[in-house]
1. Filter the range 144-154 down to the residues that are on the phi < 0 side of the Ramachandran plot and open to solvent by less than 40 Å² (accessible area, probe 1.4 Å), then identify the one that is modelled with the lowest pLDDT.
2. I'd like to check something: does the range 91-101 contain any residue that is assigned to a loop (DSSP other than H, G, I, E, B), touching a helix residue (DSSP H, G or I) at 6+ places or on another chain (Cβ under 6 Å), closer than 25 Å to LEU175 by Cα and not polar (S, T, N, Q)?
3. So SER115 clears everything in (1) modelled with pLDDT of 95 or more; (2) in a loop (DSSP other than H, G, I, E, B) except one condition, right? Which one?
4. Given the structure, is LEU165 buried (at least 17 other Cβ atoms within 10 Å of the Cβ), in contact with a helix residue (DSSP H, G or I) (Cβ under 9 Å, 6 or more places away or on another chain) and closer than 29 Å to GLU17 by Cβ?
5. If a residue must be outside any loop (DSSP other than H, G, I, E, B) and surrounded by 11 or more Cβ atoms within 10 Å (Cβ to Cβ), how many such residues does the range 38-74 contain?
6. Of everything in the range 124-143, what is in contact with a helix residue (DSSP H, G or I) (Cβ under 9 Å, 6 or more places away or on another chain) and open to solvent by 30 Å² or more (accessible area, probe 1.4 Å)? Give them in sequence order.
7. Could you run through the range 82-102 and say how many residues are open to solvent by 10 Å² or more (accessible area, probe 1.4 Å), of a type in the set (Gly, Ala, Ser) and more than 25 Å from GLY147 (Cβ to Cβ)?
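The values are calculated or read from the model by the stated rules, or taken from the named source; none is laboratory data. As the structure is a prediction and not an experimental result, all values here were calculated from the model. For neighbour counting, all protein chains shown are included, and Cβ atoms are generated from backbone atoms with ideal geometry for every residue, glycine included. We work out accessible area using only protein heavy atoms, side chains counted, and drop any ligands, DNA or RNA first. Shrake-Rupley method; radii C 1.70, N 1.55, O 1.52, S 1.80 Å.
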Amino acid sequence: MAMTPLRIAVIIGSTREGRAGDRIARWFVDQATSHDDLVVTVVDLGEYDFPASYPAEPTAPIRAFVREVDQAEAFVVITPEYNHSFPAPLKQAIDYAYDEWQAKPVGFVSYGCRSTGRHAVDHLRTVFTALHAMTVRDVVGIDLLAGEPTPQCTDELRRDASVLLDQLRWWGLALRGGRAARPYVS
């Protein structure tokens, strides 16, 4: 019996002009789409016209983003590290959804100068734990001082991406089965 492919949303967490996140996301999506058992969707926060402050009623862009989160079974957050944390627009977007994150795995591709974005990931793990999401252990960390990943990037980065995808696939399928057998209650 063929397994339904796991639906992964790759979320580009930076909205800055000149960001590296979109190029890093393209590299990661290339790694992920080589797996037949994954369906990858890119969710670029730069394409959403979110309001400056949290509205009393969700706007159309908020509803569209929440729909993307709801439809995904697993997530990879592409995040820069700004001032030892992740960007504010990413936190704003994460907060627009709640139940839609629950009992789903989240992985991270982080980037920064020297730190490879690890501080941002540490903060995001706390946020996603509060949302009842399962963060996977391994991370793809990119030091921008060494350059952005390319198709000819190091074996280490490709191996890190493969490990992240393996963990995300395992947790994604396990949690899919768990949600089907018993609805998650928080």
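1. Within the range 144-154, the first condition is being on the phi < 0 side of the Ramachandran plot, and the residues that meet it are 144-146, 148-154.
Narrowing further to those that are open to solvent by less than 40 Å² (accessible area, probe 1.4 Å): 149, 153.
Working: PRO149: 76, CYS153: 69.
Checking each candidate, the answer is CYS153.
2. Kept after step one, since they are assigned to a loop (DSSP other than H, G, I, E, B), are these residues of the range 91-101: 97-98.
Pick out the ones that are also touching a helix residue (DSSP H, G or I) at 6+ places or on another chain (Cβ under 6 Å) and you get 97.
When the remaining residues are screened for being closer than 25 Å to LEU175 by Cα, the result is 97.
Adding the requirement that they be not polar (S, T, N, Q) leaves 97.
Checked the range 91-101: at least one residue is assigned to a loop (DSSP other than H, G, I, E, B), touching a helix residue (DSSP H, G or I) at 6+ places or on another chain (Cβ under 6 Å), closer than 25 Å to LEU175 by Cα and not polar (S, T, N, Q).
3. The single condition SER115 does not satisfy is (1).
4. Numbers: buried (at least 17 other Cβ atoms within 10 Å of the Cβ): yes; in contact with a helix residue (DSSP H, G or I) (Cβ under 9 Å, 6 or more places away or on another chain): yes; closer than 29 Å to GLU17 by Cβ: no.
It is false that LEU165 is buried (at least 17 other Cβ atoms within 10 Å of the Cβ), in contact with a helix residue (DSSP H, G or I) (Cβ under 9 Å, 6 or more places away or on another chain) and closer than 29 Å to GLU17 by Cβ.
5. Kept after step one, since they are outside any loop (DSSP other than H, G, I, E, B), are these residues of the range 38-74: 38-47, 60-71, 74.
If we keep only those that are surrounded by 11 or more Cβ atoms within 10 Å (Cβ to Cβ) as well, we get 38-47, 61-71, 74.
Total meeting the criteria: 22.
6. Hits for the range 124-143 are HIS132, MET134, ARG137, ASP138.
7. 1
The rows are residues; the columns are (1) touching a residue at least 40 places away in the same chain (Cβ under 8 Å); (2) touching a strand residue (DSSP E or B) at 6+ places or on another chain (Cβ under 7 Å); (3) more than 22 Å from ILE24 (Cβ to Cβ).
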site	(1), (2), (3)
PHE86	yes, yes, no
ALA93	yes, no, no
ARG114	no, yes, no
ALA130	no, no, yes
VAL140	yes, yes, no
SER186	yes, no, yes
